[in-house]
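Where a number appears in this text, it was derived from the coordinates with a stated rule and is not lab data. Everything numeric in this text was worked out from a predicted model, so none of it was measured.
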Amino acid sequence: MGYWGRFQPIYRGGLGFASLTQPGNGTGNLHSTYDTWFLGGGAEYHTWGHWWTRVDYTYDALMGFTVVSPTRITP
């Protein structure tokens, strides 16, 4: 990767492993493992001196991970 004048593109990606433990409902702790990956990119711009401005985005994925939230019941 290189600079184009004051502009520099940013590319990133990776693989990972997540190990999560949470309290159970009286039956002990619940433990799960997940594979994870991420992709991202963006740009940096050299504004002046030692100052840079950066805009980037990263998408993180936890495969098979779901979040359960309480539902609201309205009469």
Worksheet entry | Additional length obtainable on full extension of the chain from Tyr34 to Ile10, 0.36 nm per residue less Cα span | 5.9 nm
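On full extension of the chain, what length is gained from Arg54 through Gln22, given 0.36 nm per residue of separation minus the C-alpha to C-alpha distance? Write out the running numbers ahead of the final one.
Numbers: separation 32, 0.36 × 32 = 11.52 nm, distance 3.58 nm.
Separation in residues times 0.36 nm, less the Cα-Cα distance, equals 7.9 nm.
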